[in-house]
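Working notes, beginning with the structure itself.
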Amino acid sequence: RAKTDITRAVCFYEQSMDETVRARRTLTSELRQAIENNQLDIHYQVQTSISTGEVCGYEALLRWEHPQHGFIPPSEFIPLAEENGLIQQMGEWVLRTACIRAASWEPPYKVAVNLSPVQFAHTDLPKLVLEILIETGLPADRLELELTESTIFADRERSLHMLRQIKALGVSIALDDFGTGYSSLDTLRSFPFDKIKLDRSFMSEIESSPQAKAIIRAVLALGKSLDIPVLAEGIETQGQLTLLSAEGCDEAQGYLLGRPVPLNQIITSGQISLMSSELLEGTATAVR
Ligand code: C2E
Ligand code: MG
Ligand code: MG
Ligand code: MG
């Protein structure tokens, strides 16, 4: 009897494994189609200077609207794309599209683009970035690349070399999700970051946990002494913003200041102005 139960359990297990594998396979081929058919989009989330309240730039965040399942979050499809190499093509699309669009914004707004560890490991990134800057005409100092410590973790020598080459172009580099994962002080000492993005997991506790607040304070002090501006991610309440302002944090990003929205929404709301409508039309045909 016990044996039958186990057999049945194993069968069930194998069946559901099968289903998971099949679902992933389907999603993968749908993602491939979405890339080819230009069904991916980019939303933009504002990054604001805390002391002046001025807009510094926008982070480009990838969006996939699945024809049947609706919105699929990046946390689901990016790992999938990383597993099967699709991230290369996808990452290049995001970078190119974000640069084409930002080239038509009035200066001085920057666009910040996320890089995947896989993309970083398998692409001649300095060459790609240079090609895209030339092709789109976006001034290098208006592009920021965001990467996490897991990106540089695999091969620190090569990463350092690539980051230096990218910086030499005039592009800036932000350390994303700081405080989670492999965070180490050695990384801050050895790598030429232009910005530290303090992970949003600290923000939810900033008002209730003395520990979270102490860590935030320490990171801000570190940023000050290393002369690297700190941006706080995931600001949702006025209380959090006030506290960070009092602690001397440089920039903020979060739902309180603006959710990620489609490009036309930041244009029509007057948050950014375009250099000319002609450029907008050119952009629209180039990316759509
Ligand atoms: P990230 O780079 O740390 O981006 C910030 C994430 O936090 C975004 O999630 C954003 O929507 C969310 N967020 C911003 N403000 C708040 C807030 O106040 N509260 C809360 N709860 N969340 C907030 P999203 O768009 O789902 O992206 C998740 C992650 O997926 C990103 O984290 C990034 O690691 C990755 N990702 C997104 N787009 C791309 C891309 O084009 N390429 C690569 N390689 N990764 C991307
Ligand atoms: Mg980011
Ligand atoms: Mg982040
Ligand atoms: Mg993140």
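The values are calculated or read from the model by the stated rules, or taken from the named source; none is laboratory data. Computed from a prediction, not measured in an experiment: that's the story for all the values here. Note that we place each Cβ from the backbone using ideal geometry, even for glycine, and neighbour counts take in every protein chain shown. Surface areas here come from the heavy atoms of the whole protein model, side chains and all, with no ligands, DNA or RNA. Shrake-Rupley method; radii C 1.70, N 1.55, O 1.52, S 1.80 Å.
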Which one of His43, His69 is under 30 Å from Glu236 (Cβ atoms) and free of Cβ contacts under 8 Å to residues at least 40 places away in the same chain? His69
Residue list for segment 176-187, restricted to those being under 14 Å from Ile228 (Cβ atoms), open to solvent by 10 Å² or more (accessible area, probe 1.4 Å) and away from ligand 4 (no atom under 16 Å from the Cβ): Leu185
Give segment 50-66 a look and list any residue that's in contact (Cβ under 8 Å) with a residue 40 or more places away in the chain, β-branched (Val, Ile, Thr) and not in a strand (DSSP E or B), or say none. Ile50
Just one of the numbered conditions (1) open to solvent by 50 Å² or more (accessible area, probe 1.4 Å); (2) away from ligand 2 (no atom under 16 Å from the Cβ); (3) touching a helix residue (DSSP H, G or I) at 6+ places or on another chain (Cβ under 9 Å); (4) part of a helix (DSSP H, G or I) is not true of Asp5; which one? (3)
Scan segment 97-108 and give yes if some residue there is out of contact with any Asp or Glu (no Cβ under 8 Å at 6 or more places or on another chain), open to solvent by less than 10 Å² (accessible area, probe 1.4 Å), of a type in the set (A, V, I, L, M, F, W, C) and more than 17 Å from Gln45 (Cα to Cα), otherwise no. no
Please pick out the residue among Glu251, Glu233 that is of a type in the set (Asp, Glu), farther than 20 Å from Pro107 by Cβ and modelled with pLDDT of 90 or more. Glu233
Would you be able to say whether some residue in segment 214-229 is within 27 Å of Leu133 (Cβ to Cβ), in contact with a helix residue (DSSP H, G or I) (Cβ under 8 Å, 6 or more places away or on another chain) and within 15 Å of ligand 1 (Cβ to nearest atom)? no
Among the residues of segment 225-238, are any away from ligand 3 (no atom under 14 Å from the Cβ), surrounded by 22 or more Cβ atoms within 10 Å (Cβ to Cβ), under 22 Å from Thr187 (Cβ atoms) and of a type in the set (Gly, Ala, Ser)? no
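Residue by residue, here is whether (1) away from ligand 1 (no atom under 12 Å from the Cβ); (2) over 19 Å from the mean Cα position of the chain (by Cα) holds:
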| residue | (1), (2) |
| --- | --- |
| Asp18 | yes, yes |
| Ser49 | yes, no |
| Phe71 | no, no |
| Phe77 | no, no |
| Cys99 | yes, no |
| Lys110 | yes, no |
| Pro117 | no, no |
Exception for Ser201 within (1) within 21 Å of Leu61 (Cβ to Cβ); (2) in contact with a Leu (Cβ under 8 Å, 6 or more places away or on another chain); (3) not aromatic (Phe, Trp, Tyr) falls at (2)
Does any residue in segment 166-186 that is in contact (Cβ under 8 Å) with a residue 40 or more places away in the chain and within 16 Å of ligand 3 (Cβ to nearest atom) come within less than 8 Å, Cβ to Cβ, of a residue that is part of a strand (DSSP E or B) and open to solvent by 40 Å² or more (accessible area, probe 1.4 Å) six or more places away or on a different chain, and which pairs are these? Ser172/Lys110; Asp176/Asn114
Just checking, does segment 137-158 include any residue being open to solvent by less than 20 Å² (accessible area, probe 1.4 Å), more than 16 Å from ligand 2 (Cβ to nearest atom) and touching a Pro at 6+ places or on another chain (Cβ under 9 Å)? yes
Hey, among the residues in segment 31-49 that are assigned to a helix (DSSP H, G or I) and open to solvent by 40 Å² or more (accessible area, probe 1.4 Å), which one's farthest from Ser75 (Cα to Cα)? Glu36
Can you go through Lys213, Lys167 and tell me which one is in contact with a Pro (Cβ under 8 Å, 6 or more places away or on another chain) and either open to solvent by 10 Å² or more (accessible area, probe 1.4 Å) or under 25 Å from Trp93 (Cβ atoms) (or both)? Lys167
Answer yes or no as to whether Ala60 is within 16 Å of ligand 4 (Cβ to nearest atom) and closer than 20 Å to Leu169 by Cβ. yes
